[in-house]
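Accompanying notes for the structure given below.
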Amino acid sequence: MKFTDEIGRRRTFGIISHPDAGKTTLTEKLLLFGGAIQEAGAVKSNKIKKGATSDFMEIERQRGISVATSVLAFEYEGIKINILDTPGHKDFAEDTFRTLTAVDSVIVVIDVAKGVEEQTEKLVSVCRMRNIPMIVFINKLDREGKDAFELLDEIEQKLGLKVTPLSFPIGMGYDFKGIYNIWEKNINLFSGDSRKNIEETIEISDLSSSELNDTIGDDAADTLREELELVEGIYPKFEQNEYQNGSLQPVFFGSALNNFGVRELLDCFITIAPPPRPKESDIRVVHPEEQDFTGFVFKIHANMDPKHRDRLAFIKIVSGTFERNVPYLHTRHNKKLKFSSPNAFFAEKKEIVDISYPGDIVGLHDTGNFKIGDTLTKGEILNYKGIPSFSPEHFRYINNADPMKSKQLAKGIDQLMDEGVAQLFTLEMNGRKVIGTVGALQYEVIQYRLEHEYGAKCTYENLNVHKACWVETEDENSDEFKDFKRVKSKFLAKDKQGQLVFFADSSFSLQMTQQKYPSIQFHYTSEF
């Protein structure tokens, strides 16, 4: 197979939504169609020892939520699909924002009863900022929920999307009969059977035929005809170009738990979703068809296997082919590295691959060379941009609870921070360590992982900080900057890269500081 054909058959996408809308369940069902797993483990039920295939960290199994993005790959109808299942919980939003830099398109999952939730709004706004193509999947139709048109309105208003339904529900909840597939012009009847072997779809190309009445009953048939007429009247026709440049979003209805409407979504997805896209670096735009390899690290995961203390850096390949045992340039260190066992994924199962193509995600064993946002190339010096650190919202001092284990604690904190779980700041005044996170649940995860993976115990102390801002100045020797450092000395810290950070204890004091020192800039993300 030619290099360009390999690129053309890759689809890399992320699944995003509010917690509990059913992302992980949808991921499982997609894998089911790809023949990657034989039966899907119900994500919530504790009776099944198996748990969800994509949630492999101990803490995820205990809570029934996803806390880290997992990478899964499978083949379907000759197309190689890479899924990034992201955590929905807002405390792990940063992981999700970074993952969005590595996908070519996105599926947004929405719960039929709850509609658009706040977390969905945040994530979708990030996608719109970057013009990522989105498909919307409205889930849990076998439960009572909002009217289909009401939901479509809500998606348009709250998320600012321009939608067009490609399938439409027949009834809902208790009366749910099935789905009319506008994209393929057929009906899929719902039997409430969640196993893989779903009965065949019934093709109905002519909606006015009596066949429709025989299939779903007179009332349902009349309602469906009216609704589809409305759909045609209100919503724009589907145009693939508009979808791919991010200005039109197709909508599908279904129930992931009952494996319903998922095949329609998948069949349409592989037809319309974009293959790997070009990406901007600091010097030029890089295209996937280029011969020379380039890629970037968007995630680091420590201890995927607790027995081995391994760290994996996840690399999204942007151009060229990545081959095993070939030296590549690490642009930040300016040194060549080669990798003897690059991994491809299926949740916690990994396989070693000899060659990978643009769009693929490869896991590289890392002994501490990589940070999030690093670029690897065949030799050209360029850096991919757009992976920021956000200003944390919660701050706590971290203290060692076991003096005998201070080395383990230091190593643990160091590795978890490289992974991007949270950010570490060191106070200038007394050298105390402060951990800043986007969400409070992070602290439990850090404490749990330090103890179980590094054998170190820690305790926290609250620290009253309103915002952490990265400080930038034109002239470090100016009197204004020196005065700022003297007056605010007890509010200053350094981040892991050694950049200066100012801890403002309230929004008022931040405003006062900005007014008093006009030549100094305060940034909310570290990538300025």
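The values are calculated or read from the model by the stated rules, or taken from the named source; none is laboratory data. Since the model is a prediction, treat every value here as computed from it, not as a measurement. A quick note on method: Cβ atoms are made from the backbone with ideal geometry, for glycine too, and the neighbour counts reach across all protein chains shown. In case anyone asks, the SASA skips ligands and DNA or RNA and just uses the protein heavy atoms, side chains included. Shrake-Rupley method; radii C 1.70, N 1.55, O 1.52, S 1.80 Å.
Annotations
- Of all residue pairs spaced 6 or more apart or on separate chains, those with beta-carbon atoms under 7 Å, a first member in the stretch 480-505 that is closer than 21 Å to residue 393 by Cβ and touching a residue at least 60 places away in the same chain (Cβ under 8 Å) and a second member that is in a helix (DSSP H, G or I) and open to solvent by 70 Å² or more (accessible area, probe 1.4 Å) are 492/485.
- Search result, residues across the stretch 151-177 that are modelled with pLDDT under 80 and either part of a strand (DSSP E or B) or charged (D, E, K, R) (or both): 175, 177
- Options 141, 161, 166; residue that is in contact (Cβ under 8 Å) with a residue 40 or more places away in the chain, under 16 Å from residue 22 (Cβ atoms) and surrounded by 15 or more Cβ atoms within 10 Å (Cβ to Cβ): 141
- Residue satisfying all of: in the stretch 374-403; of a type in the set (A, V, I, L, M, F, W, C), out of contact with any Cys (no Cβ under 6 Å at 6 or more places or on another chain) and modelled with pLDDT of 85 or more; surrounded by the fewest Cβ atoms within 10 Å (Cβ to Cβ) among these: 381
- Neighbours by Cβ (under 8 Å, 6+ apart or cross-chain): first from the stretch 437-465, under 13 Å from residue 402 (Cα atoms); second open to solvent by less than 10 Å² (accessible area, probe 1.4 Å) and modelled with pLDDT under 85: 450/416
- With respect to the stated conditions, residue 231 is of a type in the set (A, V, I, L, M), at pLDDT 85 or above and under 20 Å from residue 150 (Cα atoms).
- Options 187, 182; residue that is modelled with pLDDT of 80 or more and among the hydrophobic types (A, V, I, L, M, F, W, C): 182
- Residue tally, condition without any contact (Cβ under 8 Å) to a residue 40 or more places away in the chain and under 15 Å from residue 457 (Cα atoms), over the stretch 414-427: 1
- Test result for residue 240, touching a helix residue (DSSP H, G or I) at 6+ places or on another chain (Cβ under 6 Å) and surrounded by fewer than 18 Cβ atoms within 10 Å (Cβ to Cβ): yes
The rows are residues; the columns are (1) open to solvent by less than 10 Å² (accessible area, probe 1.4 Å); (2) touching a Pro at 6+ places or on another chain (Cβ under 9 Å); (3) at pLDDT 90 or above.
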{"position": "421", "(1), (2), (3)": "no, no, no"}
{"position": "437", "(1), (2), (3)": "yes, yes, no"}
{"position": "440", "(1), (2), (3)": "no, no, no"}
{"position": "443", "(1), (2), (3)": "yes, no, no"}
{"position": "461", "(1), (2), (3)": "no, no, yes"}
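- Residues being of a type in the set (Val, Ile, Thr) and either open to solvent by 90 Å² or more (accessible area, probe 1.4 Å) or touching a Pro at 6+ places or on another chain (Cβ under 6 Å) (or both) - total across the stretch 501-528: 1
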